[in-house]
Structures are given as structure tokens and as C-alpha cells.
Amino acid sequence: MTLENYNYIRELAEKKIRLDQRSEFEGRKITIKDNVIHHSDGSAYVELGNTKVMAGVKVLNGTPFPDRLNEGALVVNFEASELADNYNDDRINYSIEIGRVTDRGIRESNLIDLTKLVIEEGKTVSFVYVDIVCLNNEGNLFDAANIAALRAILNAKYKIAGKEETFTLPIDRSKLALSHTFTKIKGTIFFDPSAEEEKTADARFTIGLSEKINSLQKGGEGVFTPEEIDFCVEKAIELRKERFKTLMENIDN
């Protein structure tokens, strides 16, 4: 991005104007396709505007952790190649951050009841692996990764060795913690930042929200005041209704 473009976007932001003509809290269109990875137990492809990610779930038997003998486990991984994301100089650490934030939102919401993933107490449990890949980054990978991971989990159907039936993950849909990301540019707060907005932002704030706040993540060198944080939380509560509706569309009851 040239200095001229950088300054232009920031000048627009001061006037509460966005380069793509969206209003301050207008999210981009979300498109979801299910079961796009044939060798997974559940998968989803998500477009958030032109940001494109794909998530797959695999459920495998494993030995429980010594301090959690009566629980299964959740493992979330996120990757973005240079081909998909060539504007982030710290791509590796950024990928780690997105993976951890996605993991935290799912884990802290207790969406998956890990106690119900025990196959043989103290010996064998199910591990839920969620792998997310960025195919094209045009901004806000936090929300795109979150939506793809949740949809893949909702789709997951798997077998357990020695058993005939097909299982679904033990989840409580009221605990689906949806991610809502805001940026702050020259004092103006925007929802669902584009790539250009991320490059020019002073700060970023991501809220994982189910029936309560499950996770918070702040990025960038700038700050959000306590009043601005409260404001973002209120906006996220409003925005979650439509995003939840989109997430659950065409999901079997």
C-alpha cells in the first residue's frame, strides 16, 4: 500500500466513510458451502466478502491427557500461506494468533462437551482436530476462521472403531460463540474490516460471543477505551443475531 492510499483511507475514516461504501457496522456477505473436504468428518468453505477460508474436522481416538483423564480434547490449527496472504509481514505469528483465538472461543464457550468424548475411562478418548486454511485474505480472518470452524463442527459425523453407529459431536448450540471483529481508525470504529482497513488501523478488537462473552482479543498499537469496549460489545450482541442465522442456515435440527 502506498503512503498516499494509506493517508486517503485514514482521511475517509475520520469522516466515517469506508472505501467499499459500507456503513460503519455493515458486515460483508457470508457464503457457506458444506462438506467440501471428502476425507474429513465434517468441513465447510466460507467466504466473508472476498476473504476465503476452509475448515475440516477429524475425530480420532487418543490417550487422554494425564490431568484430564475423563475428557476428550480439542485441537485447533490455522494456516495462511504467502500465496493467500502476501501483505502481512508477520504471517506466521498472525496465523498462530488466529488459531488460538478461534480455539479459545470454542473452548471457553464449552460448545463441545469433552466429558462425552470418553470411550474407555482413563484409557481412550476422542480428539477433535479442527484445521483451518486461508485460501484468500481480504481482511478479517478472525471472523471467517471462526464461522468455518463452527460450521465444520456442526457438520461433523464420525465413526468409532469397533462400533457400527455414526456419531455427531456432543454440542450445545446455545453455546456457539461467534466472532465479531472491529477496527479503530482515526477514532472511528468499523465492523468486519477489509484488508485495506486492517493495514491502516490503529487497533483491532475481537469478541467471541454466545449467550455470554467467551473471549476477547486486542491487536494493534492503538487503544480501545473502556467506553469503546462496552460499545463494541453492545454492537456485537446486536450483530450476532443475523450472523447466527446465517451460520445455522440449512443445518439439520
Point to revise | Close pairs from the stretch 154-165: first over 18 Å from Val130 (Cα atoms), partner among the polar types (S, T, N, Q), Cβ under 8 Å, at least 6 apart | key: Ala161/Asn61
Exercise for review: May I ask you to say which residue of Ala177, Ala152 is crowded, with 19+ Cβ neighbours inside 10 Å, over 21 Å from Phe25 (Cβ atoms) and modelled with pLDDT of 95 or more?
Suggested key: Ala152
Practice item. Mind telling me which of the residues Ile160, Ile147, Ile171 ends up being surrounded by fewer than 21 Cβ atoms within 10 Å (Cβ to Cβ), out of contact with any Gly (no Cβ under 7 Å at 6 or more places or on another chain) and modelled with pLDDT of 95 or more? Key: Ile171
Review point. Does the stretch 108-127 include one or more residues that are within 25 Å of Lys52 (Cα to Cα), touching a helix residue (DSSP H, G or I) at 6+ places or on another chain (Cβ under 6 Å) and of a type in the set (Val, Ile, Thr)?
Key: no
Revision key, fill the gap. The one condition Asp202 fails out of (1) buried (at least 17 other Cβ atoms within 10 Å of the Cβ); (2) within 17 Å of Lys29 (Cβ to Cβ) is (2)
Review point. Considering only residues of the stretch 100-144 that are among the small types (Gly, Ala, Ser) and surrounded by 17 or more Cβ atoms within 10 Å (Cβ to Cβ), which is modelled with the highest pLDDT?
Key: Ala144
Review point. Residues in the stretch 112-129: is at least one under 13 Å from the mean Cα position of the chain (by Cα) and under 30 Å from Lys163 (Cα atoms)?
Key: no
Check your understanding: Could we say that Ser95 is assigned to a loop (DSSP other than H, G, I, E, B) and buried (at least 18 other Cβ atoms within 10 Å of the Cβ) here?
Key -> no
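The values are calculated or read from the model by the stated rules, or taken from the named source; none is laboratory data. Just so we're clear, the structure is a prediction, and the values are computed from it rather than from any experiment. Glycine also receives a Cβ, built like all others from the backbone with ideal geometry; neighbour counts cover every protein chain displayed.
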